[in-house]
1. State yes or no: is T18 within 21 Å of L151 (Cβ to Cβ), at pLDDT 95 or above and not acidic (D, E)?
2. Kindly provide the set of residues from segment 123-134 that are surrounded by fewer than 10 Cβ atoms within 10 Å (Cβ to Cβ) and not in a helix (DSSP H, G or I), ordered by number.
3. When you check R142 against the structure, is it open to solvent by 60 Å² or more (accessible area, probe 1.4 Å), closer than 27 Å to L9 by Cβ and not β-branched (V, I, T), yes or no?
4. Does L17 satisfy the criteria of being assigned to a helix (DSSP H, G or I), under 30 Å from D130 (Cβ atoms) and under 19 Å from the mean Cα position of the chain (by Cα)?
5. Is segment 202-211 home to any residue that is more than 13 Å from the chain's Cα centre (by Cα), crowded, with 18+ Cβ neighbours inside 10 Å and either modelled with pLDDT under 95 or hydrophobic (A, V, I, L, M, F, W, C) (or both)?
6. All but one of (1) surrounded by 14 or more Cβ atoms within 10 Å (Cβ to Cβ); (2) of a type in the set (A, V, I, L, M); (3) over 19 Å from D186 (Cα atoms) hold for A120; which doesn't?
7. For the condition under 22 Å from R207 (Cβ atoms) and open to solvent by less than 50 Å² (accessible area, probe 1.4 Å), what is the one hit in A100, A85?
8. Out of T183, T107, I need the residue that is hydroxyl-bearing (S, T, Y) and modelled with pLDDT under 95. Which one?
Amino acid sequence: MTRDSPSDLLVMHAVRLTGFADTPVIARRYGLDAAETKEMLLDAEARGWVEHTAFAGDGGWSLTERGRAENERLLADELARVGGADEVRDVYRDFLPLNALLLRACTDWQLRPTAGDRLAVNDHSDPAWDARVLDELAGIDRALLPLADRLGDVLTRFRGYDTRFAAALARARAGEGGWVDRTDVDSCHRVWFELHEDLIATLGLDRHAEP
């Protein structure tokens, strides 16, 4: 049975997944009320779990080290409560080969090696090269769908990664190339990075210790 997550967990987790974001963005991540989200963020700030900082007039929330530990504790307790640990671990194992393909595709979108420069920037003047990358992303999109279904059957908060990835890919195919790898829009790369972070946070893993 799919289970919904409590709002305080979703707020903390949204901060982790977004990395640094203001209150409205955090609230929108899981469709939460903005005013209630702000109250929960202030409560988490008082507990030392999140901090609010400003850069050049823009402010946002991020997790502290204590907050990351608390986030992972809450996620582990939730996963144990719904009995979904084995399924999420199985999905993660199936995710890793796709992750390697996604990273390669994004690299190929950014670079197009030449005879004299293997790190030459892709200026997108070769439609065949770009079409191949988009086809690779389409394959990843198809492979993501069953994984997203399995995750969504464990916890409601996992839902949406497949539709977000597909939407980003559709925009890239329509000629908006930034939707492959930009970090300031909900691009293929950004959606994938969030899913990766979601999986390792839920399982209490270290991204840098992956095979």
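1. Numbers: within 21 Å of L151 (Cβ to Cβ): yes; at pLDDT 95 or above: yes; not acidic (D, E): yes.
Against the criterion (within 21 Å of L151 (Cβ to Cβ), at pLDDT 95 or above and not acidic (D, E)), T18 qualifies.
2. To start, the set of residues in segment 123-134 that are surrounded by fewer than 10 Cβ atoms within 10 Å (Cβ to Cβ) comprises 123, 125, 127-128.
D123, S125, listed by residue number.
3. Numbers: open to solvent by 60 Å² or more (accessible area, probe 1.4 Å): yes; closer than 27 Å to L9 by Cβ: no; not β-branched (V, I, T): yes.
Against the criterion (open to solvent by 60 Å² or more (accessible area, probe 1.4 Å), closer than 27 Å to L9 by Cβ and not β-branched (V, I, T)), R142 does not qualify.
4. When the stated conditions are applied, L17 passes them.
5. So far as segment 202-211 goes, no, none of its residues is more than 13 Å from the chain's Cα centre (by Cα), crowded, with 18+ Cβ neighbours inside 10 Å and either modelled with pLDDT under 95 or hydrophobic (A, V, I, L, M, F, W, C) (or both).
6. Of everything listed in (1) surrounded by 14 or more Cβ atoms within 10 Å (Cβ to Cβ); (2) of a type in the set (A, V, I, L, M); (3) over 19 Å from D186 (Cα atoms), A120 misses just condition (1).
7. Details: A100 fails: open to solvent by less than 50 Å² (accessible area, probe 1.4 Å).
So the residue among A100, A85 that is under 22 Å from R207 (Cβ atoms) and open to solvent by less than 50 Å² (accessible area, probe 1.4 Å) is A85.
8. Numbers: T107 fails: modelled with pLDDT under 95.
The match here is T183.
The values are calculated or read from the model by the stated rules, or taken from the named source; none is laboratory data. On a predicted model such as this, the values are computed, not experimentally measured, just so you know. Backbone-built Cβ (ideal geometry, glycine too); neighbour counts: all protein chains shown. Ligands, DNA and RNA are excluded from the accessible area calculation, which covers all protein heavy atoms including side chains. Shrake-Rupley method; radii C 1.70, N 1.55, O 1.52, S 1.80 Å.
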